[in-house]
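Below you'll find the structure, written out as structure tokens, and then a few comments.
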């Protein structure tokens with residue numbers, strides 16, 4: 001009898017050893033790290049974090065994520081990189097020690113952090129910085145991005161502006177963002193040097209750019225393409241308009257930053273006509289998907305107020321564009337986790353190349369073995385400000401197909 | 001096979017109706033269904049949303065280059081696909097293919113993406129856009145979808161190259177009683193479309209009485225226009241099936257379309273192995289649709305109606321098969337036009353791959369480990385049982 005008991009115990013031990021199909025009932029935590037400049041660029045940091053949290057809370061609210069035989073709850077750990085590469089390295093180490101399966105970042109310090117993450121097979125997801133060198137599917141196989149790329153924006157600007165026969169003044173500030181953009185813009189316009197009136201570097205953070213703008217005007221520029229931080233763009237508009245120069249001003253996505261409108265709130269007409277390029281927030285399917293996402297976002301966090309009003313007194317809010325990108329990445333990550341059937345970061349990183357998920361704007365988001373940019377160049381659109389809100393332009397084929405988004409409350 | 005069964009089911013379904021009606025309209029083959037699943041190549045199910053909207057249309061032209069060894073076996077395959085988009089709107093295109101690598105082809109206005117078994121395109125087309133993919137494919141799974149089989153052999157001073165049409169399939173076909181004027185008119189229409197290299201348009205034939213399945217399946221092959229050249233180190237002494245031109249032997253013929261499905265080129269001399277280049281194009285049915293006696297129309301044909309119906313169905317199935325091979329890689333627009341030319345070339349000599357070392361440390365090693373673990377578990381269980389009964 002005793003031997004029979006021991007036999008049964010032995011069989012049960014063997015069965016447990018072979019128990020690949022057994023199901024674990026209690027959910028485990030799966031860490032997603034968010035490393036953003038909370039104290040450097042609070043708006044960007046907030047919208048990226050909230051995009052991630054919205055996606056994870058939706059998934060957790062639905063019971064969590066099933067990977068293989070285990071259920072997981074996604075847990076977000078927030079790190080503040082202060083916009084410093086050195087701090088980003090420190091944050092990455094801490095996130096890896098916490099067992100993060102991925103690190104969502106604005107892009108700060110990726111040149112230094114990607115190798116650290118790669119050693120653990122962990123992916124980095126950039127949700128803001130479009131710098132051309134940051135993402136390289138071959139050399140940096142663990143770096144992914146869902147955000148409009150500088151290369152795509154520069155290429156689209158060349159495509160958009162050159163046929164207009166404008167003499168474009170290419171201005172950029174001396175921040176890392178400005179220098180990277182200037183390089184891409186120079187490349188995009190290199191085939192048509194006759195379209196360029198001048199190239200000028202502006203000091204980032206300087207409020208008075210009168211001298212530089214006067215020089216641009218004297219060069220014969222009939223348009224300005226300003227690649228810089230929001231304060232630089234505000235300073236350019238201020239300098240040009242204050243001397244009565246109504247030159248059209250074009251910018252990268254920073255042109256939509258609330259800071260510019262806040263700075264120029266006393267002169268709303270100075271903002272009118274400002275055109276920026278960015279990833280399109282709506283797709284061919286219409287505004288439905290994005291509006292649905294925006295409603296969820298605002299229900300969870302409230303609208304992002306710009307801090308200005310329209311001429312009719314309506315409060316202007318900022319659509320959560322960059323929150324959409326981090327939100328979309330989490331959905332692609334979930335598809336990769338399911339595809340991999342594992343939470344092993346290396347397997348998940350590999351699976352990111354093989355999956356597609358529907359994005360918040362109705363577009364399909366995904367990466368592949370050759371391209372780790374989830375916003376394709378073709379999806380760059382142009383929008384123009386009027387009365388503190390913006391609408392897609394009508395003189396570009398893609399932009400003309402996009403419906404405007406309501407930005408007042 | 002599935003499509004053949006579907007065709008058979010269609011015929012069977014039509015039969016009871018005949019009991020109720022004196023005549024019925026029966027759909028003739030063309031432009032579809034294709035008799036086999038591939039081509040176009042299939043590997044995976046495209047993700048949801050991977051399709052062209054009604055605003056954007058695509059035509060595809062392709063050049064498939066198959067590298068062959070000295071025996072004529074396919075050792076490499078490369079496909080250059082140009083997708084010409086027209087219209088304004090978004091596109092998300094997945095072209096299934098067992099792809100090893102893909103790059104943008106000449107003039108491409110976008111970069112292709114690559115996933116396991118997929119070539120991807122995503123973006124926005126403003127009126128016109130060229131998407132060109134230069135893909136290296138796995139030869140193993142692809143070779144069976146190529147239209148031509150080559151077999152080369154040397155026996156002393158004699159070199160023989162056999163070229164065989166590999167598109168032949170058996171297909172279910174129907175029979176019944178139709179009126180000659182309608183049949184001759186449909187034959188003339190089919191001939192016009194074939195000679196103009198147009199895709200067939202769907203047409204019906206009126207059958208009186210019962211529609212039934214032919215007792216024997218039809219043997220159908222796409223007509224292939226084959227032109228080639230064998231370049232020898234020295235001038236050959238003689239050649240059959242080709243023409244000696246200096247140190248080369250040139251040949252050109254159609255495989256199919258009431259002509260043999262295989263040809264042989266025999267060369268004496270040449271001083272060694274030739275470099276081979278064969279270009280193959282799926283082509284029109286010409287002979288099969290030529291009216292008897294060189295007449296301009298089938299109207300004056302003296303053939304009985306049953307023979308005319310049979311000819312009509314068979315030639316249309318050949319044209320469908322030819323159209324199928326015009327799209328080696330899939331066109332995302334099911335109504336879009338496709339053209340494909342296939343080139344077979346002598347591949348550069350390759351060094352033998354050290355497969356033995358790789359396999360011993362790879363799957364075999366894993367297998368040995370699994371067997372060992374399984375054996376240990378069984379042995380442990382057996383030991384416990386034996387001990388319990390001792």
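Just give me the residues in region B:94-124 being buried (at least 22 other Cβ atoms within 10 Å of the Cβ), more than 11 Å from chain A (Cβ to nearest Cβ) and either in contact with a helix residue (DSSP H, G or I) (Cβ under 6 Å, 6 or more places away or on another chain) or within 24 Å of residue A:284 (Cβ to Cβ) (or both), in sequence order. The one that is buried (at least 22 other Cβ atoms within 10 Å of the Cβ), more than 11 Å from chain A (Cβ to nearest Cβ) and either in contact with a helix residue (DSSP H, G or I) (Cβ under 6 Å, 6 or more places away or on another chain) or within 24 Å of residue A:284 (Cβ to Cβ) (or both): B:95. Residues of region B:163-187 that are under 22 Å from residue B:35 (Cα atoms) and in a strand (DSSP E or B): B:164, B:165, B:169, B:170, B:171, B:174, B:175, B:176. All conditions but one from (1) surrounded by fewer than 16 Cβ atoms within 10 Å (Cβ to Cβ); (2) closer than 16 Å to residue A:157 by Cα; (3) under 31 Å from the mean Cα position of the chain (by Cα) apply to residue A:194; the one that does not is (3).
Take the residues in region A:259-288 that are touching a strand residue (DSSP E or B) at 6+ places or on another chain (Cβ under 6 Å) and within 19 Å of residue A:225 (Cα to Cα), then tell me which one is surrounded by the fewest Cβ atoms within 10 Å (Cβ to Cβ). So that I can check it myself, show each step before the final result.
Here is the first cut: in region A:259-288, the residues touching a strand residue (DSSP E or B) at 6+ places or on another chain (Cβ under 6 Å) are A:261-262, A:265, A:271-272, A:274-277, A:280, A:284.
From the residues that got through so far, the ones that are within 19 Å of residue A:225 (Cα to Cα) too are A:261, A:271-272, A:274-277.
On the way: A:261: 24, A:271: 24, A:272: 15, A:274: 25, A:275: 22, A:276: 23, A:277: 25.
Selected residue: A:272.
Across region A:296-332, the qualifying residues are those that are closer than 19 Å to residue A:357 by Cα and in contact with a strand residue (DSSP E or B) (Cβ under 6 Å, 6 or more places away or on another chain), and the one among them that is surrounded by the fewest Cβ atoms within 10 Å (Cβ to Cβ) is A:331.
Can you tell me which residue within region A:335-344, out of those that are on the phi < 0 side of the Ramachandran plot and either modelled with pLDDT under 95 or surrounded by fewer than 21 Cβ atoms within 10 Å (Cβ to Cβ) (or both), is nearest to the chain's Cα centre (by Cα)? Explain how you work it out, then say what you get.
Start the filter on region A:335-344 by keeping residues that are on the phi < 0 side of the Ramachandran plot, which leaves A:335-340, A:342-344.
Filter again for either modelled with pLDDT under 95 or surrounded by fewer than 21 Cβ atoms within 10 Å (Cβ to Cβ) (or both), leaving A:335, A:338-339, A:342-344.
Working: A:335: 19, A:338: 24, A:339: 24, A:342: 27, A:343: 24, A:344: 25 Å.
Result: A:335.
Of the strands (runs of 3 or more DSSP E) entirely within region A:64-154, those holding at least 1 residues that are more than 19 Å from residue A:339 (Cβ to Cβ) occupy A:70-80, A:102-105, A:123-126, A:143-145.
Would you pick out the residues in region A:199-219 that are closer than 19 Å to residue A:241 by Cα and not in a loop (DSSP other than H, G, I, E, B)? Matches in region A:199-219: A:200, A:202, A:210, A:211, A:212, A:213, A:214, A:215, A:216, A:217, A:218.
Restricted to region B:125-147, and to residues that are assigned to a strand (DSSP E or B) and closer than 30 Å to residue A:340 by Cα, which residue is farthest from the other protein chains (Cβ to nearest Cβ)? Outline the logic, then answer.
Within region B:125-147, the first condition is being assigned to a strand (DSSP E or B), and the residues that meet it are B:125-137.
Keeping just the survivors that are closer than 30 Å to residue A:340 by Cα gives B:133-137.
Details: B:133: 11, B:134: 12, B:135: 11, B:136: 13, B:137: 15 Å.
Result: B:137.
Does residue B:354 count as surrounded by fewer than 17 Cβ atoms within 10 Å (Cβ to Cβ), away from chain A (no Cβ under 14 Å) and modelled with pLDDT of 50 or more? It is false that residue B:354 is surrounded by fewer than 17 Cβ atoms within 10 Å (Cβ to Cβ), away from chain A (no Cβ under 14 Å) and modelled with pLDDT of 50 or more.
Among the residues of region B:79-91, are any more than 17 Å from residue A:372 (Cβ to Cβ) and part of a loop (DSSP other than H, G, I, E, B)? So far as region B:79-91 goes, no, none of its residues is more than 17 Å from residue A:372 (Cβ to Cβ) and part of a loop (DSSP other than H, G, I, E, B).
Looking only at residues of region A:282-300 that are in contact with a helix residue (DSSP H, G or I) (Cβ under 9 Å, 6 or more places away or on another chain) and farther than 22 Å from residue A:380 by Cβ, we find that the one that is nearest to the other protein chains (Cβ to nearest Cβ) is A:296. Of the residues in region B:99-111, at least one is assigned to a strand (DSSP E or B), closer than 15 Å to residue B:330 by Cβ and at pLDDT 95 or above. Only residues that are within 21 Å of the chain's Cα centre (by Cα) and either within 10 Å of another protein chain (Cβ to nearest Cβ) or modelled with pLDDT under 90 (or both) were counted across region A:376-398, and they come to 7. Of the residues that make up region B:261-280, is at least one part of a loop (DSSP other than H, G, I, E, B), touching a helix residue (DSSP H, G or I) at 6+ places or on another chain (Cβ under 7 Å), surrounded by 15 or more Cβ atoms within 10 Å (Cβ to Cβ) and in contact (Cβ under 8 Å) with a residue 12 or more places away in the chain? Checked against the condition, which is being part of a loop (DSSP other than H, G, I, E, B), touching a helix residue (DSSP H, G or I) at 6+ places or on another chain (Cβ under 7 Å), surrounded by 15 or more Cβ atoms within 10 Å (Cβ to Cβ) and in contact (Cβ under 8 Å) with a residue 12 or more places away in the chain, region B:261-280 yields no hits at all.
Rundown of residues vs (1) at pLDDT below 95; (2) touching a strand residue (DSSP E or B) at 6+ places or on another chain (Cβ under 7 Å), yes/no style:
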site	(1), (2)
B:238	no, yes
B:264	no, yes
B:286	no, no
B:294	yes, no
B:300	yes, no
B:309	no, yes
B:315	no, no
B:334	yes, no
B:339	no, yes
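Please verify whether region A:100-108 includes one or more residues that are without any contact (Cβ under 8 Å) to a residue 60 or more places away in the chain and farther than 19 Å from residue A:147 by Cα. Within region A:100-108, not a single residue is without any contact (Cβ under 8 Å) to a residue 60 or more places away in the chain and farther than 19 Å from residue A:147 by Cα. Only one entry of A:230, A:252, A:203 meets the criterion of being more than 14 Å from chain B (Cβ to nearest Cβ), surrounded by fewer than 24 Cβ atoms within 10 Å (Cβ to Cβ) and at pLDDT 95 or above, and that entry is A:203.
The values are calculated or read from the model by the stated rules, or taken from the named source; none is laboratory data. Remember, it's a predicted structure, so these values are computed and weren't measured experimentally. Backbone-built Cβ (ideal geometry, glycine too); neighbour counts: all protein chains shown.
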